[in-house]
Amino acid sequence: MFITFEGPEGSGKTSQIRLLTAFLREQGYAVLATREPGGTRIGDQIRACLHDVANTEMTAVAEMLLYSASRAQLVREIVQPALAVGTVVLCDRFADSTIAYQGYGRNLPLADLHQITQFATGGLKPHLTVLLDIDVERGLARRTANAEEMNRLDLETVSFHQRVRAGYHQLAAADPARWMIVDADRQAELVQADLREIIGARIKQKV
Ligand code: TMP
């Protein structure tokens, strides 16, 4: 089963995935947790280039293609082989990030993004996507407070991040069977309890 986690900056995805991975393994599931961009040796090199705050001249199209290149590598090297042997794959961001950030955020044409994404993923789609939702300014403040790795996109305007969040809501509304929206602006333990309940039940149905 392929489960992806999306959200604006500072939604706590990474630590929630870490806790959930440990929980599901205790339940006896084989779990692989990975992330985008990155997750492979090649993808990590692409990540460094994408997130380097010195790369101010990067165009929106080059940015989109680099995220897609990292995704193409991750799908074929890691995700597909794991799914083929029945592993539960948890991925910190996937193709919906491209639609939200490069589509709604950077205003690249959505039809082109869908076409390139289809090529990059070979048509692989998540069974379930969790939107860890948080108000943009609260999320950005959390990130700064936790002194997390700042990347080129963190430096974008608040209105950019608001378009990204609105984009996520549009994606979720268009495909409610795939998306679950979880309020991430709560204590981490409460968010984790919701994730365990929702995802535990979905995995049981599927496996
Ligand atoms: P994160 O690892 O902190 O979530 O950072 C990933 C950053 O990359 C985040 O700012 C969102 C951005 N991103 C895109 O703009 N497009 C994409 O396709 C992906 C996967 C991430």
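The values are calculated or read from the model by the stated rules, or taken from the named source; none is laboratory data. Note that this is a predicted model, so its numbers are computed, not measured. Quick note on the areas: whole protein, heavy atoms, side chains included, nothing else; ligands and nucleic acids left out. Shrake-Rupley method; radii C 1.70, N 1.55, O 1.52, S 1.80 Å.
Key figures for this structure:
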{"item": "Under Karplus coefficients 6.51, -1.76 and 1.60, residue-wise ³J(HN,Hα) of segment 101-109 in Hz, glycine/proline x", "result": "7, 7, x, 6, x, 8, 6, 6, x"}
{"item": "Cα centroid separation - segment 28-82 against segment 137-163, whole Å", "result": "20 Å"}
{"item": "Long-range HN-HN contacts of Ile181 with modeled amide H, under 5 Å", "result": "Leu131"}
{"item": "Calculated SAXS-style log₁₀ I(q)/I(0) at q = 0.16, 0.18 Å⁻¹ - the chain, Debye, Cα scatterers", "result": "-1.10, -1.44"}
{"item": "Sum of -39500 (n - 2.57) over DSSP H runs of 4+, divided by residues of the chain (222 nm, nearest 500)", "result": "-15500 deg cm²/dmol"}
{"item": "Residues of type lysines that Lys13 reaches as a straight line, Cα spacing below 20 Å, ignoring anything fewer than 8 places off in the same chain", "result": "Lys125"}
{"item": "Carbon and sulfur %, accessible surface of segment 2-206 computed with the full protein complex present, 1.4 Å", "result": "55 percent"}
{"item": "Solvent-accessible area per residue, Å², over segment 2-206 with all protein chains present [probe radius 1.4 Å]", "result": "47 Å²"}
{"item": "At least 15 Å along the helix axis (C-alpha) and Kyte average at least -1.0, DSSP helices within the chain", "result": "13-26, 41-51, 60-74, 110-121, 158-174, 188-206"}
